[in-house]
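The values are calculated or read from the model by the stated rules, or taken from the named source; none is laboratory data. In this text, all values refer to a predicted model and were calculated from it rather than measured experimentally. No Cβ is skipped: glycine too gets one built from the backbone with ideal geometry, and neighbour counts run over all protein chains shown.
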Amino acid sequence: MAEVIDLPSVRRGRNLSVVVPVYNEQAVLALLFERLYPVLDRLGVQYEVVFVDDGSRDHSPGMLRKQYRQRPDVTRVVYLRTNAGQHAAIIAGFAAATGARIVTLDADLQNPPEEIPKLLAAMDQGHDYVGSIRRKRKGDPWWRDTSSRLMNQLRARMTPILMTDQGCMLRAYDRDIADAVVASNESGSFIPALAYLFSANPTEVVVEHAERAGGESKYSLFKLTHLNLNLLTGFSILPLQLFSLVGLAISALSFVFVAYMALRRLIVGPEVEGVFTLFGILFFLIGVILFGIGLLGEYIGRIFEQSRGRPLYLVRETLVPESDSHAGPAPSGGGR
Ligand code: UDP
Ligand code: MG
């Protein structure tokens, strides 16, 4: 058999791929299938849905296989060997997707699939990246709402990335941008932010938001904190630069302080009062130093993760749409 050349531009001419990461979503999958496919069928374009099973341990893998049997014309399923995390799963989906445009969607129906045409309409107007803003965030605890708003503001100040609502994953990407995200091969990355860097003409549209249709959130407070720290340290070295400025200011102040103490010792004599004030200052400085070490650690951790060069994910199996099977085996393999 002739070798299949797998270039994005010649990838069998599909218009649209919808990438859905799935991790233990048995409670919502049936409803997702029921709502997603009719929306896409109505578009009247050649599409595929790319489900990426992120090492689910519930009934999701089997449900995806059943759905593949029902709609083998337009369904692709990528099974990852282990749980690689939402963003790695999406990168696996990008790598497998063959469409000229790629839309990402959460499986839990918090982003209504009915909004997909709105994103595509924005792409028709020439945008290569379409983000989304949740009209009214629903079903998430108040602390997530507040902290995510704060993080949004912090990110807007510290990185070159302009996103009104960084948490919403319903987004559309031009093929080239998705390819660039795959090629970046960044561990612990935040895809919407990375894609934004590659986009020539980004835009955002307002979409509805709903409560999770079933099951529960896969993000704990710890994972969320980690994700947000990654967003800052992955896209900006401003924290490091600010920290050296703080260090500089404190050294200047302490120099003045030491000079004053030396003069005072010569003129007035030694002193022991105010020793607790000194302790106070000392503890503050220790706090600053520890914070700095932690900050350095974040960056070194990122360098460490990246330098190990492990694959972001491993594909166990791929179910390929019928129309593709004559074109040879599907591109599979690891993320590196
Ligand atoms: N997800 C995944 N791997 C993970 C965690 C989540 O593929 O390790 C998927 C999950 O199945 C869902 C999407 O990522 O489709 C968003 O997850 P979730 O709804 O739990 O996040 P939240 O909406 O609470 O931010
Ligand atoms: Mg969700």
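Data overview
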item: Qualifying positions in the stretch 207-237 - loosely packed, with under 14 Cβ neighbours inside 10 Å, outside any loop (DSSP other than H, G, I, E, B) and more than 16 Å from ligand 2 (Cβ to nearest atom); result: Phe222, Thr225
item: Residue within the stretch 279-291 that is more than 16 Å from ligand 2 (Cβ to nearest atom) and closer than 30 Å to Lys136 by Cβ present; result: no
item: Candidate set from the stretch 37-75 (those that are aromatic (Phe, Trp, Tyr) and either farther than 21 Å from Ala95 by Cβ or part of a helix (DSSP H, G or I) (or both)); member that is farthest from ligand 2 (Cβ to nearest atom); result: Tyr68
item: Failed item in (1) surrounded by fewer than 17 Cβ atoms within 10 Å (Cβ to Cβ); (2) within 16 Å of ligand 2 (Cβ to nearest atom), with Leu29 passing the rest; result: (1)
item: Condition met for Asp108 (surrounded by 14 or more Cβ atoms within 10 Å (Cβ to Cβ), within 13 Å of ligand 1 (Cβ to nearest atom), within 21 Å of Ser17 (Cα to Cα) and not basic (Lys, Arg)); result: yes
item: Lone unmet requirement of (1) of a type outside the set (Lys, Arg); (2) closer than 22 Å to Leu29 by Cβ; (3) in contact (Cβ under 8 Å) with a residue 60 or more places away in the chain for Tyr219; result: (3)
item: Test: residue in the stretch 116-125 that is within 11 Å of ligand 1 (Cβ to nearest atom) and more than 20 Å from Leu197 (Cα to Cα); result: no
item: Residue count for the stretch 170-181, restricted to those that are crowded, with 21+ Cβ neighbours inside 10 Å and either within 14 Å of the chain's Cα centre (by Cα) or charged (D, E, K, R) (or both); result: 7
item: Matching option when the condition is under 30 Å from Ala193 (Cβ atoms), at pLDDT 85 or above, of a type in the set (Asp, Glu) and surrounded by 12 or more Cβ atoms within 10 Å (Cβ to Cβ), among Glu298, Glu322; result: Glu298
item: Considering residues of the stretch 111-134 that are part of a loop (DSSP other than H, G, I, E, B) and within 16 Å of ligand 2 (Cβ to nearest atom) only, the residue surrounded by the fewest Cβ atoms within 10 Å (Cβ to Cβ); result: Pro112
item: Qualifying helices (runs of 4 or more DSSP H) (wholly inside the stretch 136-201; at least 2 residues being within 16 Å of ligand 2 (Cβ to nearest atom) and in contact (Cβ under 8 Å) with a residue 60 or more places away in the chain); result: 142-158, 191-198
item: Criterion: closer than 22 Å to Ala121 by Cα and modelled with pLDDT of 95 or more - qualifying residue of Arg101, Arg57; result: Arg101
item: Subset tally (residues that are within 16 Å of ligand 2 (Cβ to nearest atom) and of a type in the set (A, V, I, L, M)) for the stretch 76-102; result: 2
item: Qualifying residue in the stretch 198-212 (condition: within 16 Å of ligand 1 (Cβ to nearest atom), aliphatic (A, V, I, L, M) and modelled with pLDDT of 90 or more); result: yes
item: Output for the stretch 82-104, where each listed residue is in a helix (DSSP H, G or I) and of a type outside the set (S, T, N, Q); result: His87, Ala88, Ala89, Ile90, Ile91, Ala92, Gly93, Phe94, Ala95, Ala96
